[in-house]
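Down below is the structure, laid out as C-alpha cells.
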Amino acid sequence: MKKIDFGFNDDKKLNASFSRISPYNGEYIDVIGCNDFDFLITRIVDSYDGLNGNIDVREVAQDFYKDGSYVNYANQEKNILCGKIERLLNSSRIRKELSDGKSPLTILKEAGFPVYHSSLRDIEPKSERVSSIVTSVKANNFKSLKESKMYARGMSMYDMSQEIIRLQAEIAKLKETGYEKSSGRGY
C-alpha cells in the first residue's frame, strides 16, 4: 500500500508543518485534474473515526522551491466539484470498480466529468515504505497559493514572503536616507 500522511495547519500564513494530525491516513489511488482543479484521491486507512475504506477526495496544489523541492498542500474546505466526485466514488458499485482496478479517471469520464491527467508531480509515494505528506491548510491560504502560481513566475510562497521582507527593508532604508523628501515622493 502506498500511503499518504495527512496533517492540518491552521496558521494564518501558509505553512507546511502540522499543527494537528488528521484522524486518518490515506492509501494513494490517483491524482486527477478537472476544470482547472487538481484532486488527490485516496482510500481512508488507519482511521480513528470508523471511516476505513471510504474514498477521500481533496483539492491539492504544490509549492515549488528553487532547489526543486516542493510541498503538497490540500484545501481544508471541499468545493462543490470535490464533493460530487467524492460522493460518486463512494457509491458501493464504484468502490467495487475501484477495488477491481478500474481507474478513477475512466470512471469519472464515463460519468461525464471533464477529467484529465493532473500535471502535479510526485504525490504518489515512490515505494510502500515511504509515504507522501500532504498538509491541509485553511481555504484562504490555499487560494493564495493557487493565485501565486498564476502570478509569481515560479517563485514559491516562501520566496515571495522573503522578497516582501527585503522590499520593506529597502523602503525603510530609503526613508532613512531622505529619498522620500528629496524626490518629492511619499510612500
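Using Stokes-Einstein with the Kirkwood hydrodynamic radius over Cα pairs, what translational diffusion coefficient do you get for the chain at 10 °C and a viscosity of 1.306 mPa s, in µm²/s rounded to a whole number? Display every interim value, and only then the final one.
Working: Rh = 18.4 Å.
Once the numbers are plugged in, D ends up at 86 µm²/s.
On a full-extension model of 0.36 nm per residue, what is the gain between Arg87 and His117, subtracting their alpha-carbon distance, rounded to one decimal in nm?
Here the segment from Arg87 to His117 would lengthen by 8.8 nm.
Would you work out the relative contact order for the chain, in percent, from Cα pairs under 8 angstrom that are 6 or more residues apart?
27
How much accessible area per residue does segment 20-133 have, in Å², with a 1.4 Å probe?
On a per-residue basis, 54 Å².
Quick check: pseudo-label points 7 Å beyond the Cα along Cα→Cβ at Asp11 and Leu174, how many nm apart are they?
Spacing of the two 7 Å Cα→Cβ label points: 2.9 nm.
Output the relative contact order of segment 47-91, whole-number percent, from Cα pairs under 8 angstrom with separation of 6+ residues.
39
How much length is gained if the chain between Glu110 and Phe64 is pulled fully straight, taking 0.36 nm per residue apart and subtracting their Cα-Cα distance, in nm to one decimal?
Length gained, Glu110 through Phe64: 13.2 nm.
Segment 43-124: which chymotrypsin sites (Phe, Trp or Tyr not before Pro) are DSSP loop and have at most 10 other beta-carbon atoms within 10 angstrom?
For chymotrypsin sites (Phe, Trp or Tyr not before Pro) across segment 43-124 that sit outside H, G, I, E and B with at most 10 neighbouring Cβ atoms in 10 Å, the list reads Tyr48.
State which entries of Lys96/Lys138; Lys2/Lys84; Lys3/Lys96; Lys102/Lys143; Lys84/Lys138 exceed 30 angstrom in Cα-Cα distance in the structure shown.
From the list (Lys96/Lys138; Lys2/Lys84; Lys3/Lys96; Lys102/Lys143; Lys84/Lys138), the Cα-Cα distance tops 30 Å for Lys96/Lys138; Lys102/Lys143.
Using only Cα atoms, tell me the angle between helix 80-89 and the longest principal axis of the chain; keep it within 0 to 90° and round to the nearest 10.
Compared with the principal axis, the helix lies near 20 degrees.
If you line up the long axis of helix 139-151 against the longest principal axis of the chain, both from Cα atoms, how many degrees apart are they, to the nearest 10?
The angle comes out near 70 degrees.
Once you place label points 7 Å from the Cα toward the Cβ at Ser47 and Val130, how far apart are they in nm?
Placing both labels 7 Å beyond Cα along the Cβ direction yields 2.9 nm.
Can you give the Kirkwood hydrodynamic radius of segment 1-48 from its Cα pairs, in Å with one decimal?
12.2
Output the 0 to 90 degree angle, nearest 10, between the alpha-carbon long axis of helix 157-176 and the longest principal axis computed from the alpha carbons of the chain.
10
The values are calculated or read from the model by the stated rules, or taken from the named source; none is laboratory data. Since the structure is predicted, the reported quantities are computational estimates derived from the model, not experimental observations. Backbone-built Cβ (ideal geometry, glycine too); neighbour counts: all protein chains shown. Please note that ligands, DNA and RNA were not included when accessible areas were found on the heavy atoms of the full protein model with its side chains. Shrake-Rupley method; radii C 1.70, N 1.55, O 1.52, S 1.80 Å.
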